[in-house]
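Worksheet: one structure, shown below.
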Amino acid sequence: MTRARIGVLPREISTARLKLVPACEQFVHELREYSIVNRAHLQPWEPLRSESFFETESVAQRLSAMAHNNKSGHAVHLLLISQETGEMVGDCNFTNIVRGPFQACHLGFSLAKRFERRGLMREALTPAIAYIFDEIGLHRVMANFRPENVRSAQLLERLGFEREGLARSYLRINGVWVDHVLTSLVNEIAEH
């Protein structure tokens, strides 16, 4: 099994309809537009956002931090870009990468409202997770979701994630501490 060196990400991962590209400051306009257009759609699932969160400078700072985390090996932040239009349609983030005996990370993802129900997130996550397992060499990917988020539950189940429990008052989302279902996907063919 080949392992990517820390901080060496693919230029992009291509699928039939998407390009998954490492987050960097070049995508300030795309991420800002995505965040503004999908603000109400994403708000129930994210922390409260101040108005400054949507300003160009703030978006550039977030992308710079993501690029730094990509380069340092602490995360793999990928933007989902439409092959057809070049528009940003979503993102997936493998964060809190821990090495040593753990070899694990957390997965978070979002998709633009107008692109839901087309199978795009599954199309993106399938090769992204394969990259995390095969190239980055992680053993476990953890993904947590609110119990009422049926669509995320169904997606993660289709991807092979298994429920591991319920964390009470796990994250402060949309201004309130909320429970989350804990799931994980284990790389069964990883080296022992």
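When we screen Leu111, Leu166, Leu125, Leu107 for residues that are more than 15 Å from His77 (Cβ to Cβ) and out of contact with any helix residue (DSSP H, G or I) (no Cβ under 6 Å at 6 or more places or on another chain), the only hit is Leu166.
Do we find a residue being touching a Leu at 6+ places or on another chain (Cβ under 7 Å), at pLDDT below 95 and of a type outside the set (Val, Ile, Thr) anywhere in region 50-65? Scanning region 50-65, I find no residue that is touching a Leu at 6+ places or on another chain (Cβ under 7 Å), at pLDDT below 95 and of a type outside the set (Val, Ile, Thr), so the answer is no. Residues in region 104-148 that are among the small types (Gly, Ala, Ser) and either at pLDDT 95 or above or on the phi < 0 side of the Ramachandran plot (or both): Ala104, Gly108, Ser110, Ala112, Gly119, Ala124, Ala128, Ala130, Ala143. Can you spot a residue in region 43-58 that is of a type in the set (Gly, Ala, Ser), outside any loop (DSSP other than H, G, I, E, B) and in contact with an Asp or Glu (Cβ under 7 Å, 6 or more places away or on another chain)? No, region 43-58 contains no residue that is of a type in the set (Gly, Ala, Ser), outside any loop (DSSP other than H, G, I, E, B) and in contact with an Asp or Glu (Cβ under 7 Å, 6 or more places away or on another chain). Of Phe102, Phe145, Phe133, Phe109, all but one fail to be out of contact with any strand residue (DSSP E or B) (no Cβ under 7 Å at 6 or more places or on another chain) and surrounded by 19 or more Cβ atoms within 10 Å (Cβ to Cβ); the exception is Phe133. List pairs: first in region 135-152 and touching a residue at least 60 places away in the same chain (Cβ under 8 Å), second surrounded by fewer than 17 Cβ atoms within 10 Å (Cβ to Cβ) and outside any strand (DSSP E or B), Cβ under 6 Å, 6+ apart or cross-chain? Listed by first residue and then by second, the contacts come to Glu135/Ala4; Ile136/Ala4; Gly137/Arg3. Whenever a residue of region 15-40 is more than 20 Å from Ala65 (Cβ to Cβ), its partners that are of a type in the set (A, V, I, L, M, F, W, C) and not in a loop (DSSP other than H, G, I, E, B), lying with C-beta atoms within less than 7 angstrom and at least six residues away or across chains, give the pairs Thr15/Ala124; Arg17/Leu120; Leu18/Leu80; Leu18/Ile81; Leu18/Leu120; Leu18/Ala124; Lys19/Ile81. Restricting attention to region 149-184 and to residues that are under 16 Å from Pro44 (Cβ atoms), of a type in the set (D, E, K, R) and surrounded by 12 or more Cβ atoms within 10 Å (Cβ to Cβ), the residue that is modelled with the lowest pLDDT turns out to be Arg151. Inspect region 139-157 for any residue being aromatic (Phe, Trp, Tyr) and not in a loop (DSSP other than H, G, I, E, B) and give the result as yes or no. Yes, some residue in region 139-157 is aromatic (Phe, Trp, Tyr) and not in a loop (DSSP other than H, G, I, E, B).
The values are calculated or read from the model by the stated rules, or taken from the named source; none is laboratory data. For clarity, every value in this text was computed on a predicted model and none was experimentally measured. Every residue, glycine among them, receives a Cβ derived from its backbone with ideal geometry; neighbour counts consider all protein chains shown.
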